[in-house]
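J.: What follows is a structure written as structure tokens; I'll ask about it next.
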Amino acid sequence: QTVLGLQQAQKGIDHDVIGIAEKDGLLVLVLLFVRNGIIFDKRVFEFKDVDLDQETLLAQFIERYYSSDVYLPHEILIPLSVNEEDLPAGAKILVPRAEEKKNFIEIAKKNADAELASRIEKSQRLDKTLNTLEKLLKLKKFPNMMDCMDISHHQGAETVASVVRFKEGLPDKRGYRKIKLKTDRVDDYNSMKEALDRRYKSEEDLPDLLVIDGGKGQLNAAKEILDGKAWLDSLDLVSLAKARDNEGIDPLN
């Protein structure tokens, strides 16, 4: 919604407005940008398992956010008092008393509540999906961290391994890897060995579930390599192949 604060528009005052919502170890902070009395944009920040009270977290957020290269408005409206010693110099920060400014705080709070509810619902859906996957594939570990690996080549050359990572059911792009392999011919075993060697340096690097794109040949190669490193018991390993009824290939076996 676009909300107009008439007095603020007349004064030409810019505000940043903060709203906070928290439940079950998840805290969402919404930052509304109010320019000349009009809400025109927002940013949402999510914090998990933070061992801080809201006042301390809010003070640390303000200190870090406004010490970076961002626009400093005339006033920053916050929902609760914080220790002013922790706040950046030059920033006018206040818990509003005027009705119009309090209205912005209420809107920020409603935004935070809505974002929190949305994230909890999404997390519950993902958790249900991962539990279904765990049961369907009879995994020994909950697939909180899942890597998917594909090895491809162009006419037998330019072999490349691609690995994408999912954390708690969502893409984790920091875990993505693209590895140009030294193998210059079609060799499932050596390609798989090089890809696994270069992607995982130790047992601590391993995901809970490793999904290999390919059939039984690729699966057996990965199994042999991981078993040779004594890593096979540390993760679940599956291969993903298209069902081919004429060959008796069942995708779930």
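J.: For residues that are modelled with pLDDT of 85 or more and either among the aliphatic types (A, V, I, L, M) or open to solvent by 40 Å² or more (accessible area, probe 1.4 Å) (or both), tally how many sit in region 1-24.
T.: 7
J.: Out of LYS182, LYS201, LYS178, LYS193, I need the residue that is over 19 Å from SER239 (Cβ atoms) and outside any loop (DSSP other than H, G, I, E, B). Which one?
T.: LYS178
J.: What's the total number of residues in region 127-175 that are surrounded by fewer than 11 Cβ atoms within 10 Å (Cβ to Cβ), within 20 Å of LEU232 (Cα to Cα) and under 17 Å from the mean Cα position of the chain (by Cα)?
T.: Here the count works out to 0.
J.: Could you please give the count of residues in region 60-72 that are at pLDDT below 90 and either open to solvent by less than 30 Å² (accessible area, probe 1.4 Å) or under 13 Å from LEU27 (Cα atoms) (or both)?
T.: 1
J.: Can you tell me which condition ALA230 does not meet? The list is (1) in a helix (DSSP H, G or I); (2) on the phi > 0 side of the Ramachandran plot, and all the others hold.
T.: Exception for ALA230: condition (1).
J.: Determine whether GLU106 is of a type in the set (Asp, Glu), within 30 Å of LYS11 (Cα to Cα), open to solvent by 80 Å² or more (accessible area, probe 1.4 Å) and in a helix (DSSP H, G or I).
T.: The answer is yes for GLU106.
J.: Identify, please: which residue in region 204-244 is among the acidic types (Asp, Glu) and more than 19 Å from LEU133 (Cβ to Cβ) and is, among those, surrounded by the fewest Cβ atoms within 10 Å (Cβ to Cβ)?
T.: By that ranking, first place goes to GLU204.
J.: Can you confirm whether region 143-163 contains a residue that is in a strand (DSSP E or B), of a type in the set (Ser, Thr, Tyr) and at pLDDT 90 or above?
T.: Looking for residues that are in a strand (DSSP E or B), of a type in the set (Ser, Thr, Tyr) and at pLDDT 90 or above, one finds at least one in region 143-163, hence yes.
J.: Scan region 86-103 and tell me whether some residue there is open to solvent by less than 50 Å² (accessible area, probe 1.4 Å), touching a Phe, Trp or Tyr at 6+ places or on another chain (Cβ under 6 Å) and free of Cβ contacts under 8 Å to residues at least 12 places away in the same chain.
T.: No, the conditions are met nowhere in region 86-103.
J.: When you scan region 24-81, how many residues do you find that are closer than 18 Å to LEU94 by Cα, part of a strand (DSSP E or B) and under 23 Å from the mean Cα position of the chain (by Cα)?
T.: Here the count works out to 4.
The values are calculated or read from the model by the stated rules, or taken from the named source; none is laboratory data. Quick caveat, the model's predicted, so the values are computed rather than measured. Using ideal geometry, Cβ is built from the backbone for each residue, glycine included, and neighbour counts are taken over all protein chains shown. Calculation scope for accessible area: heavy atoms of the full protein, side chains included, ligands and nucleic acids excluded. Shrake-Rupley method; radii C 1.70, N 1.55, O 1.52, S 1.80 Å.
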